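This structure is in structure tokens; I'll ask about it shortly.
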Amino acid sequence: MPDKGLLIEFGGLPGTGKSTLARLLAHDTKAVWLRIDEIEGAMRRNGLTPAQTGIAAYSVAHDVATSHLRRGLTVIADAVNPVAEARDGWRHLAAEVDAGHVVVETMCPDITEHRRRVETRSSDLPGWTYPTWDEMRGVMTEYQPRVGDHLVLDTTWPVDHTYQELTAHLSRRTA
């Protein structure tokens with residue numbers, strides 16, 4: 001019988017460092033890393049429009065996560081998760097498969113730094129275009145504050161510092 005799986009749910013506005021931290025964690029722990037941007041990018045390359053990919057990408061990620069969690073693996077879900085419905089989906093998934101669930105929210109409270117990141121980043125995904133600063137400001141207005149037990153990481157700190165905070169939190173939560 002496999003060990004209990006663990007779902008690590010990353011959320012936060014675009015450009016706040018979710019994927020940077022998720023990539024490091026996936027590399028160090030050999031976890032399954034599910035990026036909604038990557039799934040949406042594949043869907044768009046196969047003819048779906050951006051309007052068609054949002055909810056569908058989350059659905060695909062949930063299905064893939066389910067099989068890995070049932071096998072006792074750790075899954076890192078890397079998505080903006082801007083609204084309660086998206087967040088509830090991950091919570092319900094973890095409960096359904098009896099997996100542990102840790103929620104991590106990234107924030108970049110320095111608006112100048114956040115804007116610099118959004119405007120200067122390049123995509124590592126084929127054909128993927130990140131939102132512009134103006135588009136990101138629209139996401140900001142729709143982003144619902146998180147409630148409940150979760151770790152908030154201030155990503156204006158150096159990546160090494162933030163990553164240490166993340167791994168210390170995970171050690172405490174999974175011990």
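The values are calculated or read from the model by the stated rules, or taken from the named source; none is laboratory data. Quantities reported herein were computed from a predicted structural model and do not represent experimental measurements. Virtual Cβ from ideal backbone geometry, glycine too; neighbours counted across all protein chains shown.
So which residues in the range 111-127 are within 15 Å of Val159 (Cβ to Cβ) and not in a helix (DSSP H, G or I)?
Within the range 111-127, Arg121 is the sole residue that qualifies.
Among the residues of the range 102-135, which ones are surrounded by 13 or more Cβ atoms within 10 Å (Cβ to Cβ), modelled with pLDDT of 90 or more, hydrophobic (A, V, I, L, M, F, W, C) and more than 16 Å from the chain's Cα centre (by Cα)?
Matches in the range 102-135: Val118, Trp133.
Being surrounded by fewer than 22 Cβ atoms within 10 Å (Cβ to Cβ), under 15 Å from Thr167 (Cβ atoms) and within 11 Å of the chain's Cα centre (by Cα) is the filter here; which residues of the range 14-52 pass it?
Those that are surrounded by fewer than 22 Cβ atoms within 10 Å (Cβ to Cβ), under 15 Å from Thr167 (Cβ atoms) and within 11 Å of the chain's Cα centre (by Cα): Thr20, Arg23.
Taking Met136 and the conditions (1) under 30 Å from Ser67 (Cβ atoms); (2) in contact with a Pro (Cβ under 6 Å, 6 or more places away or on another chain), which numbered condition does it fall short on, given that it satisfies the others?
(1)
The conditions are (1) surrounded by 14 or more Cβ atoms within 10 Å (Cβ to Cβ); (2) hydroxyl-bearing (Ser, Thr, Tyr); (3) under 30 Å from Thr132 (Cα atoms), and Thr74 fails exactly one of them. Which is it?
Here Thr74 clears every test but (3).
Given Leu25, Leu34, which one is in contact with a helix residue (DSSP H, G or I) (Cβ under 9 Å, 6 or more places away or on another chain), in contact (Cβ under 8 Å) with a residue 12 or more places away in the chain and part of a helix (DSSP H, G or I)? Outline the logic, then answer.
Values: Leu34 fails: part of a helix (DSSP H, G or I).
When all the criteria are applied, what remains is Leu25.
I would also like to ask the following. Considering only the range 1-13, state which residues are buried (at least 17 other Cβ atoms within 10 Å of the Cβ) and of a type in the set (D, E, K, R).
Narrowing the range 1-13 to residues buried (at least 17 other Cβ atoms within 10 Å of the Cβ): 5-13.
The answer is Glu9, and nothing else.
Tell me which residues, restricted to the range 43-90, are among the hydroxyl-bearing types (Ser, Thr, Tyr), free of Cβ contacts under 8 Å to residues at least 12 places away in the same chain and assigned to a helix (DSSP H, G or I).
Taking the range 43-90 first, the residues among the hydroxyl-bearing types (Ser, Thr, Tyr) are 49, 53, 58-59, 66-67, 74.
Restricting the remaining residues to those that are free of Cβ contacts under 8 Å to residues at least 12 places away in the same chain gives 49, 59, 67.
Selection gives Ser59, Ser67.
May I ask you to verify whether Glu40 is of a type in the set (D, E, K, R), farther than 15 Å from Leu73 by Cα and either in contact (Cβ under 8 Å) with a residue 12 or more places away in the chain or in contact with a Pro (Cβ under 7 Å, 6 or more places away or on another chain) (or both)?
Details: of a type in the set (D, E, K, R): yes; farther than 15 Å from Leu73 by Cα: yes; either in contact (Cβ under 8 Å) with a residue 12 or more places away in the chain or in contact with a Pro (Cβ under 7 Å, 6 or more places away or on another chain) (or both): yes.
When the stated conditions are applied, Glu40 passes them.
Among the residues of the range 128-154, write down those that are of a type in the set (A, V, I, L, M, F, W, C), in contact (Cβ under 8 Å) with a residue 40 or more places away in the chain, farther than 12 Å from Gly11 by Cα and outside any loop (DSSP other than H, G, I, E, B).
Listed by number, the residues that qualify are Met136, Val139, Met140.
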